Amino acid sequence: MRIFHAYAALFFAVFAAFRTPRVQALILVCLLIALVQSGLFMLIEKWRFLDAFYFSIVSMATVGYGDLTPQTSLGKICAICFLLVGIGIFVLTVTSLAQAIMRELEITEERRDAPPDRED
């Protein structure tokens, strides 16, 4: 039963973390960077939106499967520029999300360990 409580606490902490303004703002910035990069790759590399967006997210997350790569010089320059900015913002977003989750878990643990209020 303890494992259920641990997973429930984690679920609620993740849910609460996604509601924090900092995490929401950073996710929005990541999304905007990916959309701008996707638009440029649609124009420069003639990729479909899904391919361009996929490339943007996979590159920003530093996964880099290698199935899509820019073929033009301008596309490669754009990829370098976006990666310099995008990776940093992505890491900041993931770090902020993890910090918010940890903060929520600590609050939950403090509430659980606090003595019950006694009304005499």
Inset, instruction - Please list, ordered by first then second residue, the pairs with beta carbon atoms under 6 Å, 6 or more apart or interchain, first in segment 99-120 and under 19 Å from Phe11 (Cα atoms) and of a type in the set (A, V, I, L, M), second at pLDDT 80 or above and not in a loop (DSSP other than H, G, I, E, B). - result: Ala100/Ala17; Ala100/Val23; Ile101/Ala13; Ile101/Val14; Ile101/Ala17; Leu105/Ala13
Inset, instruction - For segment 25-48, state whether one or more residues are at pLDDT 95 or above, not in a helix (DSSP H, G or I) and not basic (Lys, Arg). - result: yes
Legend entry - Residue selected from segment 59-73 under the condition modelled with pLDDT under 95 and not in a loop (DSSP other than H, G, I, E, B), by the criterion farthest from Val85 (Cα to Cα): Ser59
Inset, instruction - Run Ile77 past the list (1) modelled with pLDDT of 95 or more; (2) in a helix (DSSP H, G or I); (3) surrounded by 14 or more Cβ atoms within 10 Å (Cβ to Cβ) and report the number of the one that doesn't hold. - result: (3)
Inset, instruction - Would you point out which residue out of Ala52, Ala8 is among the aliphatic types (A, V, I, L, M), assigned to a helix (DSSP H, G or I) and surrounded by fewer than 18 Cβ atoms within 10 Å (Cβ to Cβ)? - result: Ala8
Inset, instruction - Determine if segment 49-57 includes at least one residue that is within 22 Å of Cys30 (Cβ to Cβ), in contact with a helix residue (DSSP H, G or I) (Cβ under 8 Å, 6 or more places away or on another chain) and among the polar types (S, T, N, Q). - result: yes
Inset, instruction - Out of the residues in segment 11-24 that are in a helix (DSSP H, G or I) and free of Cβ contacts under 8 Å to residues at least 24 places away in the same chain, state the one that is farthest from the chain's Cα centre (by Cα). - result: Phe11
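The values are calculated or read from the model by the stated rules, or taken from the named source; none is laboratory data. It should be emphasised that the depicted structure is a prediction, and the values quoted were computed from it without experimental measurement. No Cβ is skipped: glycine too gets one built from the backbone with ideal geometry, and neighbour counts run over all protein chains shown.
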